[in-house]
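Input: a single structure, listed below in structure tokens.
The values are calculated or read from the model by the stated rules, or taken from the named source; none is laboratory data. Remember, it's a predicted structure, so these values are computed and weren't measured experimentally. Here the Cβ is made from the backbone with ideal geometry for all residues, glycine too, and neighbour counts use every protein chain on show. Each accessible area value is taken on the protein alone, full model and side chains, heavy atoms only, with ligands, DNA and RNA left out. Shrake-Rupley method; radii C 1.70, N 1.55, O 1.52, S 1.80 Å.
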Amino acid sequence: TLVYTTHYMEEAERLCDRVVVLHLGRVVRTLARAAWGGPEHGPSPLEREFLSIIQNPPAREDPA
């Protein structure tokens, strides 16, 4: 197992079999290679998922 951190989705697509997206220190998505497919015109499915999370972040729970 190798943990690789990056904000560059193209690198993640080339190097990784599975991607875990974190937001504010929490896991918000886990994607397998089959979920993002191969290269295509425009943003890849992996990049679109990442941008969706950044633009619409999950609600953060209030600390108790």
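Out of everything in the stretch 11-32 that is in a helix (DSSP H, G or I) and over 11 Å from the mean Cα position of the chain (by Cα), what residue ends up being surrounded by the fewest Cβ atoms within 10 Å (Cβ to Cβ)? Going through the qualifying residues, I end up with ARG14. If only residues of the stretch 33-64 that are open to solvent by less than 100 Å² (accessible area, probe 1.4 Å) and touching a Gly at 6+ places or on another chain (Cβ under 9 Å) are counted, the one that is modelled with the highest pLDDT is LEU46.
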